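What follows is a set of notes on a single structure, which appears directly below.
The values are calculated or read from the model by the stated rules, or taken from the named source; none is laboratory data. Predicted, not measured: the structure shown is a model, and the values here were computed from it. We place every Cβ from the backbone using ideal geometry, glycine too, and count neighbours over all the protein chains shown. The area values use the complete protein model at the heavy-atom level, side chains included, leaving out ligands, DNA and RNA. Shrake-Rupley method; radii C 1.70, N 1.55, O 1.52, S 1.80 Å.
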Amino acid sequence: MTKNNKVVLAFSGGLDTSFCAIYLKEQKMQVHALTINTGGFTDADVKNLEKHAKALGVASFKCINVTKDYYDKIIKYLIFGNVLKNNTYPLSVSAERVSQAIAAAEYATAIGAESIAHGSTGAGNDQVRFDMIFNILAPNVKIITPIRDLKLSREKEIEFLKKHGVKMNFEKAKYSINKGMWGTSVGGKETLTSNLPLPEDAWPTKVSNGKAEKITLSFHQGELREINGKKFKHPVDAIMKLNEIAAPFGIGRDIHVGDTIIGIKGRVGFEAAAPVLIIKAHHALEKHVLTKWQVYWKDNLSVWYGNWLHEGQFLDPVMRNIESFLQSTQEFVNGKVHIALAPHRYMIEGIESDHDLMSDKFGKYGEMNNTWSGEDVKGFTKIFGNQTSIFYRVNDVKMTGKENEN
């Protein structure tokens with residue numbers, strides 16, 4: 001036993017971290033379980049987690065609520081950027097892990113721990129996100145990863161925990177479920193295939209609302225501030241309320257397939273009713289109030305920002321530069337977005353904004369122009385196509401289709 005045998009265990013209370021708690025204790029380490037709440041745990045959940053952790057024999061248990069900090073530093077910019085990885089996934093776990101890793105590194109440093117442990121396997125993204133952030137923020141702290149190092153299957157973990165008398169719902173543990181403010185991921189035997197859907201009972205939120213309804217989301221400088229006219233003190237509260245309204249419709253369920261940091265393809269189910277509706281509503285509003293080139297550059301930078309965040313590179317200073325750009329685009333992203341909800345589907349019906357560039361003062365698309373004449377268009381058209389016209393004349397190019405034969 002070393003003089004300092006403190007280890008901070010990033011603790012979710014699931015199969016992997018429950019195994020780690022007992023295993024680390026058997027290695028003669030003083031285990032300090034740390035739960036970082038990013039909006040997925042209620043007060044009752046936290047009490048149950050503490051009870052479970054202490055039953056596993058940890059030296060201490062602490063829960064840090066970083067929900068508002070998580071929103072202010074990460075989620076806000078995912079909304080500003082309308083970030084959906086591969087046009088599908090709102091980075092529910094990716095963003096959450098970054099926030100949790102930062103909090104865990106800071107806590108380990110604060111209590112003077114020699115080591116920090118997490119329950120990641122050797123086949124996913126989380127191991128890279130955690131390790132990299134720990135190495136950057138706590139370079140002198142040793143990283144321990146029992147599940148990865150021992151190459152354990154979930155069956156082996158269950159066998160170990162049963163042997164140690166641990167009381168858990170092992171049937172439920174067949175699915176790896178991670179719940180946070182920005183969505184819930186679901187992994188199981190089906191997501192290890194390329195063709196099987198998740199069964200209905202694998203989804204944490206059941207479809208219980210069969211009656212269609214309409215809602216209105218109000219944004220102020222790109223942030224969700226009101227739902228159906230009700231104001232919220234902080235956007236986190238609005239996100240939680242929207243999820244409460246929309247999740248029972250089964251909205252936001254999907255399966256994401258993407259490229260992992262370690263180079264293999266990965267597949268995971270997720271339900272993210274509030275994130276999907278917020279991003280789609282925000283995007284609809286932006287299409288009305290931003291200029292063509294604002295939208296273009298936002299789209300390009302946002303895809304890059306989302307990918308770099310997904311790969312755990314949140315601490316790269318270039319991320320702060322992109323966030324400054326995204327923030328600067330939101331000044332006039334103000335207004336209401338009307339959405340129709342129904343079981344398993346939704347529709348963005350329209351927007352209202354004082355900054356709407358689709359103003360009939362200047363013309364109605366396909367019908368009437370109010371600020372230019374036909375002669376203006378004739379002159380503009382000649383100038384707009386002038387360089388291409390010169391190219392065709394200089395090179396004697398004719399679009400006959402025969403050029404492709406040469």
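What the table below lists for this structure:
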{"item": "Residues within the stretch 336-357 that are farther than 27 Å from Asp254 by Cβ and open to solvent by less than 50 Å² (accessible area, probe 1.4 Å), tallied", "result": "2"}
{"item": "In the stretch 200-221, residue surrounded by the fewest Cβ atoms within 10 Å (Cβ to Cβ) [restricted to those that are among the hydroxyl-bearing types (Ser, Thr, Tyr) and in a strand (DSSP E or B)]", "result": "Thr216"}
{"item": "Among (1) closer than 29 Å to Leu309 by Cα; (2) of a type in the set (Gly, Ala, Ser); (3) open to solvent by 60 Å² or more (accessible area, probe 1.4 Å) - the single one Ala33 does not satisfy", "result": "(3)"}
{"item": "Residue within the stretch 289-300 that is in a helix (DSSP H, G or I), under 23 Å from Val128 (Cα atoms), touching a residue at least 12 places away in the same chain (Cβ under 8 Å) and within 20 Å of the chain's Cα centre (by Cα) present", "result": "no"}
{"item": "Hits in the stretch 158-180 - residues which are open to solvent by less than 40 Å² (accessible area, probe 1.4 Å) and modelled with pLDDT under 95", "result": "Ile158, Val166, Phe170, Ala173, Asn178, Gly180"}
{"item": "Residue that is assigned to a helix (DSSP H, G or I), on the phi < 0 side of the Ramachandran plot and surrounded by fewer than 21 Cβ atoms within 10 Å (Cβ to Cβ), where the choices are Arg148, Arg97", "result": "Arg148"}
{"item": "Test: His118 is open to solvent by 30 Å² or more (accessible area, probe 1.4 Å), at pLDDT 95 or above, closer than 19 Å to Leu49 by Cα and in contact with a helix residue (DSSP H, G or I) (Cβ under 7 Å, 6 or more places away or on another chain)", "result": "no"}
{"item": "Complete set of residues in the stretch 198-208 that are in contact (Cβ under 8 Å) with a residue 12 or more places away in the chain and either small (Gly, Ala, Ser) or farther than 17 Å from Ala272 by Cβ (or both)", "result": "Ala202, Ser208"}
{"item": "Flag if Ala44 is among the aliphatic types (A, V, I, L, M), open to solvent by 30 Å² or more (accessible area, probe 1.4 Å) and part of a helix (DSSP H, G or I)", "result": "yes"}
{"item": "Qualifying positions in the stretch 307-335 - surrounded by 14 or more Cβ atoms within 10 Å (Cβ to Cβ), of a type in the set (D, E, K, R) and more than 18 Å from Arg129 (Cβ to Cβ)", "result": "Glu323"}
{"item": "Unmet criterion (only one of (1) more than 17 Å from Ile75 (Cα to Cα); (2) free of Cβ contacts under 8 Å to residues at least 24 places away in the same chain; (3) open to solvent by 30 Å² or more (accessible area, probe 1.4 Å); (4) in contact with a Lys or Arg (Cβ under 9 Å, 6 or more places away or on another chain)) for Ile227", "result": "(3)"}
